[in-house]
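Beneath this line is the structure, given in structure tokens, with notes to follow.
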Amino acid sequence: MGFYDLLASYKNQDIQKLTASFDQRDVWRALSRESCDSRDFLTLLSPAARPFLEEMAVKARELSIRNFGRTIQLFTPMYLSNFCTNGCVYCGFGCANFIPRKQLSLEEVAEEARLIAADGLKHILILTGDAPKIATPAYIEASCRELRKHFSSIAIEIYAMDTETYRRMVAAGVDGLTLYQETYNETLYDTLHPYGPKKDYHFRLDAPERGCIAGMRMVNVGTLLGLDDWRRDAFFTGLHADWLQKNYPEVEISISLPRMRPHAGSYSPACEVSDADFVQILLAQRIFMPRCGISISTRERKEFRDNIMGLGVTRMSAGVSTAVGGHSDKDSGTGQFDISDERSVEEMAVAIKAKGYQPVYQDWRPMDSWEKSA
Amino acid sequence: MNLSAPDTFSPEKDSLIIGGESLSSRLFVGTGKYPSDTLIPGVLAASGSEVITVALRRVDMDATTDNVMQHIPSNIRLLPNTSGARTAEEAVRIARLAKAMGCGNWIKIEVISDNRYLLPDGYETVKATQILAKEGFVVLPYVNADLMIARSLVSAGAAAVMPLGAPIGSNRGLQTKEMLRILIEEIPLPIIVDAGIGKPSQACEAMEMGAAACLVNTAIAGAGNPVAMAKAFGQAVAAGRKAFLAGEAAVSPGRAYASSPLTGFLS
């Protein structure tokens with residue numbers, strides 16, 4: 001049974017109506033249990049749980065410290081290419097948007113990598129638009145060979161691939177896969193992706209599983225918060241992460257909580273996600289999956305990022321530019337979206353320490369690169 | 001019989017021998033989960049611990065930023081662990097790398113292929129132990145509290161066995177107490193209770209039972225004051241050991257005897 005079958009089993013459930021039916025007793029029950037099931041998770045996402053954010057925060061904080069310690073892992077994204085063949089209505093890279101298009105040469109990849117690595121970062125997330133004929137698997141493999149000279153962990157956030165191509169990526173040194181479903185609402189998904197390869201809901205939905213099968217060490221899922229009712233999408237994101245963790249226990253499963261940000265294009269989020277909503281998702285997710293990584297990007301503003309550090313966050317990006325070549329060329333053009341936290345890696349490390357946490361620069365290294373340097 | 005327990009009460013001579021090395025403290029500590037690695041020297045000093053485990057995956061000798069190794073005093077025995085290994089083969093490779101990097105020949109084998117509960121894979125752990133012990137490593141494997149696995153580790157050449165008291169990071173104490181008791185009785189190697197210990201009293205109880213040592217990370221690193229908690233753990237482990245060596249007084253069976261005993265006919 002694939003994840004879609006589990007998702008389909010909820011098709012006749014009115015999630016919004018169900019969440020509205022929970023009361024305070026349900027919340028207390030969910031909070032007092034040793035381990036949460038999916039109903040408890042939904043309870044913690046419900047309106048009834050809103051007055052209990054402080055109680056949820058205490059539990060989430062305790063679970064996080066027990067499982068991850070007072071540590072936050074740092075990483076930064078690196079945009080290799082913004083060519084795209086999709087018409088996603090919410091994305092700055094969508095092919096209908098008239099923005100300068102660029103793909104880094106391998107020399108530029110090397111220079112960008114050198115500049116990023118100078119800040120001490122060892123974990124990098126590489127991104128491209130969805131244009132497999134331009135940012136080809138061979139191009140990504142070649143880029144990885146450059147990046148491995150500087151980084152101990154390389155994750156990809158690119159177009160969905162088949163299992164065999166993911167295997168190629170793993171062989172090239174990629175150990176992490178980030179892939180957002182954007183929204184689990186299949187009908188909405190179809191309207192948000194009017195054309196392009198990303199339109200295939202099922203191919204994208206199953207991509208994290210293919211990454212697990214292909215041998216990725218870490219797989220990260222998420223939705224773009226704001227596209228659909230946040231309770232529904234947060235719930236299904238959690239179910240997806242839980243399903244992957246149960247079926248591929250050897251893989252480190254994590255989630256990201258990206259909120260919609262201004263970008264090139266005119267799309268406005270259908271569903272506003274307030275700070276309190278965001279915190280509720282974060283806390284419910286941590287309580288539901290105590291061992292799941294939670295990643296927070298610079299889409300969030302710095303004061304907010306500082307305040308949520310102790311509530312379950314395990315990874316944060318720093319020193320971010322969402323433009324292609326944005327580290328070596330400060331005038332490199334339009335980014336995928338506007339970031340809210342522009343702090344450098346060093347500034348971020350200082351902020352993490354100020355909160356009583358340790359910034360972790362390296363938490364993994366592929367063995368063959370170890371063997372070369374040992 | 002547990003060889004780590006001397007037959008007579010001689011606390012002044014009581015030391016734990018592992019891999020030919022004599023340790024006076026029976027508390028091992030970890031390096032993970034601290035708000036800052038700068039706390040490590042204070043934790044070591046307060047606890048009296050002489051052994052510290054470090055995840056090789058975190059070690060970056062070329063780091064331009066802070067490196068955990070800088071904070072470990074040179075007189076402390078380093079116990080690198082194979083955290084991140086999912087198979088015996090990966091654990092063996094990490095162990096060899098640790099040695100090549102100058103971390104010595106002690107190795108804590110951790111083979112974990114379940115990220116949901118972080119439970120160790122006993123079968124792969126035995127395989128890795130076999131290979132590394134033959135290569136001259138002092139192998140300390142982290143395993144479930146399982147007698148058959150522990151016996152296989154003895155045959156494989158382990159220097160000690162490190163069963164879990166409860167899952168990693170759970171702070172739930174000695175959930176495997178009955179199995180630990182059996183291992184302490186049956187395994188002729190030091191039994192070092194690893195994982196799950198959340199409070200000094202639990203470490204003390206493990207030592208009272210006859211465990212040779214305890215390894216504590218989360219309970220110290222996650223404490224409000226890690227240095228103070230390290231001191232408490234050091235004292236608890238020492239107290240538990242002394243109690244074990246002293247020999248417990250008999251516990252009253254807590255029942256009344258009938259005026260007409262069942263065995264009265266014998267007289």
Roughly what % of DSSP beta bridges within the protein assembly as shown run antiparallel, to the nearest 5?
10 percent
Once all protein chains are kept in place, A:LYS149 shows an accessible area at probe 1.4 Å, nearest 10 Å², of 140 Å²
Compute for chains B and A the buried accessible surface, both sides summed, probe 1.4 Å, and express it in Å² to the nearest 100.
3100 Å²
Burial of 30 Å² or greater, region B:216-234 residues [accessible area, probe 1.4 Å, versus chain by itself]:
B:GLY222
Cα-Cα over 18 Å, subset of A:LYS353/B:LYS33; A:LYS133/A:LYS198; B:LYS13/B:LYS108; B:LYS108/B:LYS231; B:LYS13/B:LYS177; B:LYS33/B:LYS127:
B:LYS13/B:LYS108; B:LYS108/B:LYS231; B:LYS13/B:LYS177; B:LYS33/B:LYS127
Give the average, rounded to an integer, of partner chain Cβ atoms located within 10 angstrom of each Cβ in A:64-74.
5
At most 15 other C-beta atoms within 10 Å and a DSSP loop state: those are the exposed chymotrypsin sites (Phe, Trp or Tyr not before Pro) I care about. Give me the longest piece of chain B that has none.
B:118-256
In Å, what is the Rg of the alpha-carbon atoms in region B:25-246, and how long is Dmax?
16.1, 51
What's the magnitude of the charge dipole for chain B around its Cα centre, counting Lys and Arg as +1 and Asp and Glu as -1 at the beta-carbon? Answer in Debye, nearest 20.
200 debye
Considering all projection directions equally, how large on average is the shadow of the alpha-carbon convex hull of region A:3-373, in square nanometres?
17.0 nm²
In region A:338-359, which residues give up 30 Å² or more of accessible area once the other protein chains are added, compared with their chain alone (1.4 Å probe)?
A:GLN358
Taking 10 Å² as the minimum loss, tell me which residues in region B:101-138 lose that much accessible area going from the chain by itself to the full protein complex (1.4 Å probe).
B:MET101, B:SER113, B:ASP114, B:ASN115, B:ARG116, B:LEU118
Residues of region B:25-246: accessible area per residue at 1.4 Å, in Å²?
34 Å²
Most mobile of A:ALA234, A:ALA214, A:ALA20 in a GNM of chain A (Cα contacts under 10 Å):
A:ALA20
Carbon + sulfur, % of accessible area of region A:3-373 - ligands and nucleic acids excluded, 1.4 Å:
50 percent
For region A:3-373, with the dipole built from +1 on Lys and Arg beta-carbon atoms and -1 on Asp and Glu ones, taken about the Cα centre, which of A:TYR166, A:LEU311, A:THR128 lies farthest toward the positive end?
A:LEU311
Residue mean of other protein chain beta carbons inside 10 Å, A:248-254:
4
Whole-number accessible area per residue in Å² for chain A, which is evaluated in the context of all protein chains at 1.4 Å
37 Å²
14 Å tail of the calculated P(r), region A:1-69, as % of Cα pairs:
64 percent
Chain B: antiparallel DSSP beta bridges as a percent of all, rounded to 5
15 percent
Hey, if you drop one equal point scatterer on each alpha-carbon of region A:180-262 and run the Debye formula without solvent, what base-10 log of I(q)/I(0) do you get at q = 0.16 Å⁻¹?
-0.60
Residue ranges of DSSP H helices in chain A that stretch 18 Å or more (Cα, own long axis) and have mean Kyte-Doolittle hydropathy of at least -1.0 are A:53-68, A:230-247, A:275-288
Go from 0 up to the bin containing the longest alpha carbon distance in the protein assembly as shown, width 20 Å each, and give me the % of pairs per bin.
18, 49, 26, 5, 1, 0
Rounded, prolate or oblate for region B:24-89? Axes are the square roots of the Cα gyration tensor eigenvalues, ordered a ≥ b ≥ c, and the cut-off for rounded is a/c under 1.5.
oblate
Nearest 5 is fine: what % of DSSP beta bridges in chain A come out antiparallel, could you say?
5 percent
Let me know the charge dipole size of the protein assembly as shown about its Cα centre in debye, to the nearest 20, where only the beta-carbon of Lys, Arg (+1) and Asp, Glu (-1) is charged.
760 debye
For n ≥ 4 DSSP H runs only, could you compute -39500 (n - 2.57) per run for the protein assembly as shown, divide by its residues and tell me the 222 nm figure to the nearest 500?
-11000 deg cm²/dmol
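The values are calculated or read from the model by the stated rules, or taken from the named source; none is laboratory data. Remember, it's a predicted structure, so these values are computed and weren't measured experimentally. All Cβ positions, glycine included, derive from the backbone under ideal geometry; neighbour counts span all protein chains shown. All accessible areas refer to the heavy atoms of the entire protein, side chains included, with ligands and DNA or RNA removed. Shrake-Rupley method; radii C 1.70, N 1.55, O 1.52, S 1.80 Å.
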